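Take a look at the structure below.
Nothing in this text is a laboratory measurement; each read-out follows from the coordinates by a stated rule. Bear in mind that the values here come from a model prediction, so they are computed numbers and not experimental data. Neighbour counts run over all protein chains shown; Cβ positions are idealised from the backbone, glycine included.
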Amino acid sequence: MSLKRVTSAALLAILLAACGGDTPEAQANLDIDGTPSAVLPTIGSSGGELSNVEAKRLFGAKSHGSAQAPAPYGGYSKGCLAGGVQLAETGSTWQAMRLGRNRNWGHPEMLDYIDKLSQRAAQLPGWGGIYVGDISQPRGGPMLTGHRSHQIGLDADIWLLPPKSLALSRAQRESISSISLRRAAGAYVNESWTPQHHQLLKAAASDPRVARIFIFPGAKVQMCADETGDRSYLRKIRPWYGHHYHFHVRLTCPPGATDCTNQAAPPPGDGCAEAAQWQKNILNPPPPDPNAKPAKPRREILLADLPAQCKAVLDAN
Ligand SMILES: [Zn+2]
């Protein structure tokens, strides 16, 4: 394949991602954002003069978790987190990266998940554990930059770079970059992909608490081709845009978290045919649908839009 072809395919993938419309990709846009949540009562005008303030400004300004019992409120892309707990900057089998962002806060269930996954990783040749990217802000909620999801302490990004050291300084954790594992705009894995990546993703998806794992399409296609054992975990591994420097883990709402909105489960089956279709569309982008409706511009989430409980989360000590 010529470089020119790869480049135009990549460009088209980006355009499709940005435009939406009625393509399967656009329908799948519900995937990473989560299905529209069950309707929870929102803050509305009870937030007073803050109601019409962009929620990201309020939640992005919080430096520590709320002194409340841990509880995710709302959905992955419209919610907040009470009682968020900070992931230790360094554990025996992990390091939290980019500490300056202060996004190493999560629900205790997520922190436990990360601990267990990192122990599994430490058993893989060449991996002493994992580097952990963004989880959530101290009180969750929308962020000033980056993710739309990661709002309720149940999403986490795990780097695809095997840790060479788990004794990195703060400065090193700001400067070191992960590696990209993709080739041909995500249609394939590149030469940095290893069987250990397969094993790590398999372990990550096999924890029953996991709702979905997002990774670039070529990785899923490769895993579908290489898996000779149980394939049931593949259902949770979902092809998505980006996600070639890290994979994204999403946990289901913990037991008892009644005001946390789960996403509909992925379609039944291993999802390998769907991943193959993503790959095909990257390599041979379908012509744009002339009847596609232009995507609605996204409106900023205001404090008023968040679940009612998020007011107390914001106001708590
Ligand atoms: Zn993520």
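Return the long-range amide H neighbours of THR42 (sequence gap of 5 or more, or a different chain), with a cut-off of under 5 Å between placed amide H atoms.
Amide H neighbours of THR42, under 5 Å, 5+ apart: ALA308.
List the residues, sorted by chain then number, that are 5 or more residues from ARG182 or on another chain and whose placed amide H is less than 5 Å from its amide H.
ASN190
Would you grab the residues whose amide H sits under 5 Å from the one on TRP105? Only those 5+ places off in sequence or on another chain, please, with H modelled 1.01 Å from N.
Sorted by chain and number, the residues that satisfy this are LEU87, ILE135, SER136.
Once both labels are modelled 7 Å past Cα along the beta-carbon direction, what's the ARG57-GLU227 spacing in nm?
4.6
In terms of the Cα gyration tensor, with a ≥ b ≥ c the square roots of its eigenvalues, is segment 54-120 rounded because a/c is under 1.5, prolate because a/b exceeds b/c, or oblate?
Prolate.
Taking the Cα centre of the chain as origin and charging only Cβ (+1 Lys, Arg; -1 Asp, Glu), how large is the dipole, in debye to the nearest 20? Write down the numbers at each step before the final one.
Numbers: 33 positive and 26 negative charges, 109 e Å.
My answer is approximately 520 debye.
Among DSSP beta bridges lying fully in segment 177-317, give the percent that are antiparallel, nearest 5. Don't jump to the answer; show the numbers that get you there.
Working: 6 of 9 bridges.
The answer is about 65 percent antiparallel.
What does the helix-only formula give at 222 nm for the chain: each DSSP H stretch with n ≥ 4 adding -39500 (n - 2.57), the total divided by the residues, and the result rounded to the nearest 500 deg cm²/dmol?
Taken over the chain, the calculation gives -8500 deg cm²/dmol.
Output wanted: per-residue J couplings in Hz (rounded whole) for segment 163-180, from phi through Karplus 6.51 cos²θ - 1.76 cosθ + 1.60, θ = phi - 60°, x for Gly and Pro.
x, 7, 9, 10, 10, 5, 6, 4, 5, 4, 6, 7, 9, 5, 10, 6, 10, 8
For segment 3-315, what proportion of DSSP beta bridges, expressed in % and rounded to the nearest 5, is antiparallel?
Antiparallel bridges make up about 75 percent of those DSSP assigns within segment 3-315.
Show me, for segment 189-205, the HN-Hα J-couplings you get by feeding each phi into the Karplus relation (A = 6.51, B = -1.76, C = 1.60, θ = phi - 60°), rounded to Hz, glycine and proline as x.
Here the 3J(HN,Hα) series is 7, 9, 6, 7, 5, 10, x, 5, 4, 4, 5, 5, 5, 5, 4, 4, 7 Hz.
Label segment 3-315 by shape, choosing from rounded, prolate and oblate, from the square roots a ≥ b ≥ c of the eigenvalues of the Cα gyration tensor; if a/c is under 1.5 it is rounded, and otherwise prolate applies when a/b is larger than b/c, oblate when it is not.
Cα axes put segment 3-315 in the oblate bin.
Give me a comma-separated list of calculated 3J(HN,Hα) values for segment 115-124, in order, Karplus coefficients 6.51, -1.76, 1.60 applied at θ = phi - 60°, integers in Hz, x for any Gly or Pro.
4, 5, 5, 5, 5, 5, 4, 5, 8, 7
Scan segment 261-317 for trypsin sites (Lys or Arg not before Pro) in coil per DSSP, keeping those whose Cβ has at most 13 other Cβ atoms within 10 Å, and list them by number.
Taking segment 261-317 and a limit of 13 other Cβ atoms within 10 Å, the loop trypsin sites (Lys or Arg not before Pro) found are ARG298, ARG299.
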